[in-house]
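To keep things clear, I will list the structure first and then write my remarks on it.
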Amino acid sequence: MRDLLATIFICLVAAGPASAEGSADAGAAVFKKCAACHAVGEGAKNKVGPELNGIVGRKVAANEAFNLLSRL
């Protein structure tokens, strides 16, 4: 058991922290798929899906202007 824990620890340390690097251009290209249903930025309005401003930390289905239950 001790060897297993040591092995797991070594693997985790060797893996290092996940890289948060990325390309803004690549992200913009990926978001084009999302933009068909979602809007983001100043003045964003709900489309087929809700606007994404302030989504980090927002509770699920918390956008009162976008009634999720009526779409199910």
Taking interchain pairs and intrachain pairs at least six residues apart, which have beta carbon atoms under 8 angstrom, with the first residue in region 54-66 and free of Cβ contacts under 8 Å to residues at least 24 places away in the same chain and the second loosely packed, with under 12 Cβ neighbours inside 10 Å?
-> A61/L69
Would you check if A61 is in contact with a Leu (Cβ under 7 Å, 6 or more places away or on another chain) and modelled with pLDDT under 90?
-> yes
Do we have S23 as among the hydroxyl-bearing types (S, T, Y), modelled with pLDDT of 75 or more and surrounded by fewer than 10 Cβ atoms within 10 Å (Cβ to Cβ) here?
-> yes
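The values are calculated or read from the model by the stated rules, or taken from the named source; none is laboratory data. Every value quoted in this text rests on a predicted model; they were computed, and no experiment measured them. Heads up, the Cβs are rebuilt from the backbone with ideal geometry, glycines too, and the neighbour counts pull from every protein chain shown.
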